[in-house]
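The values are calculated or read from the model by the stated rules, or taken from the named source; none is laboratory data. All of these numbers come straight from a predicted model, not from anything done at the bench. With ideal geometry, Cβ positions are generated from the backbone for all residues, glycine too; neighbour counts draw on all protein chains shown.
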């Protein structure tokens, strides 16, 4: 019977977790919200079907451990370098401003300084899972707005690691807040250094040895061994288990085996993280929520409003376009899953009253549930802003600040091929001008952060405006042979040294465009446009290894979006 008593909570958690996913998907709610409601229903303040036990606590903690492990797997120094402006600038500014404002409000509510700062920082973070889902649903994951949002989320994830360390260490001794921060920081640096050494001299060779067995189960077992061992090691150091899990992911992310490990561990991560959110819901006092429902709405509205304003302000400080700043603010306005973890730590839960804790958890959950609607509304606002700017003549010629000796590139057509090419040129600090004649695509591209002007390739008067005589190359992302045939003789006469590229899907049209002297590229690889980007960059003399690295990172992002 004792074994049955241990198994029953896990069985019930599996059942309600499955129901939560099934019921939330049709209404486009985050599964996290479903897990919270499921926890409320089965918990002591609901139908009382399950009580907190060592089993539920262990499963919940493992959920957070695997969440941090997954974040570590996506942690790439190359990606951080690509997005350094946002990670080292926009991200820190947004977190500092939101933390300061929300901490002051927590102190105004009567919470002591140290705990108020921890709560303010926790609320300043956004939900990686929910925000990434919103980015993917909008289809902007590889656009400038998606890249900036992802960069801010990466910085927030790094902050969350240290925040969890701080929250876990608070109250462990009588030292001041500054002392606790310093000790936690030193321990963290030592742990990071040890992780890098282990990754280079132990984990890499170990994975190479296991790969020779050609047994997928061996990869799974080794990954589980690494994540649980490093979590236990950091726990023994007086740090959180989650830091060890993050370091384990970071170690594996630098090996060629990252993708297979992601595939093998993903079910564990989703399942156990669901258990954690269910246990959070179990801890909510429904009586308090019913009595204080108006405070839940006030706190939710205040949290969203404060974060939207401060994220927008931070983006504008770093000169993001108005439309991009609007989208970014609405995508990242929600609370974070890490806030649930922080509120559950002893140092915070012992200070917060049951009433305050219930209101905060409910407000965070409600903010996460509203994200899909906020993201769509933010996108509409951004499009409306660009549409209004165009009609009022406020859109300027989109020159990039970067320059190259061989002249800029001109892109006609901001479909997926054009966007990918623009991303590659931006990554290599190569200047370009982009034009789009389809008005809907033009407004969408502007709203998503691309500097695009409105213009039609068939109008040769546009050539003077676009400074074609100073350009190195012109790239047409959607071939129109009838127009190309008419203007080809004029272009050859006026711009004899201009390289002309065209993206064509049909082989018969490819031959026709080649006869006009154009360089034809057929989009074969995914994401669409990497073939064109590779061809253009090679002709510009960019190092082939740099091109290959960039394409690999784009394909990683594409696969992550498909898997999501």
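Listing for the model above:
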read-out	value
Lone unmet requirement of (1) surrounded by fewer than 21 Cβ atoms within 10 Å (Cβ to Cβ); (2) closer than 26 Å to residue 13 by Cα for residue 273	(1)
Among residues of segment 116-131, those that are over 12 Å from residue 334 (Cβ atoms) and touching a residue at least 40 places away in the same chain (Cβ under 8 Å), counted	5
Residues within segment 257-294 that are without any contact (Cβ under 8 Å) to a residue 24 or more places away in the chain and within 27 Å of the chain's Cα centre (by Cα), tallied	3
Subset of segment 283-311 that is surrounded by 20 or more Cβ atoms within 10 Å (Cβ to Cβ) and at pLDDT 80 or above - its residue that is farthest from residue 64 (Cα to Cα)	310
Filter result (in a helix (DSSP H, G or I) and modelled with pLDDT of 75 or more) within segment 37-55	37, 38, 39, 40, 41, 42
Selection count, segment 473-515, where residues are modelled with pLDDT of 75 or more, under 10 Å from residue 412 (Cβ atoms) and assigned to a loop (DSSP other than H, G, I, E, B)	2
Residue list for segment 527-564, filter: outside any helix (DSSP H, G or I) and either under 20 Å from residue 410 (Cα atoms) or modelled with pLDDT of 80 or more (or both)	527, 528, 529, 540, 541, 542, 543
Filter pass, residue 520 being part of a helix (DSSP H, G or I) and either on the phi < 0 side of the Ramachandran plot or loosely packed, with under 14 Cβ neighbours inside 10 Å (or both)	no
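Let's see how each residue does on (1) in a helix (DSSP H, G or I); (2) over 25 Å from the mean Cα position of the chain (by Cα); (3) not assigned by TED's automatic domain parsing to the domain that holds residue 141:
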position: 296; (1), (2), (3): yes, yes, no
position: 302; (1), (2), (3): yes, no, no
position: 308; (1), (2), (3): yes, no, no
position: 312; (1), (2), (3): yes, no, no
position: 315; (1), (2), (3): yes, no, no
position: 324; (1), (2), (3): yes, no, no
position: 333; (1), (2), (3): no, no, no
position: 348; (1), (2), (3): yes, yes, no
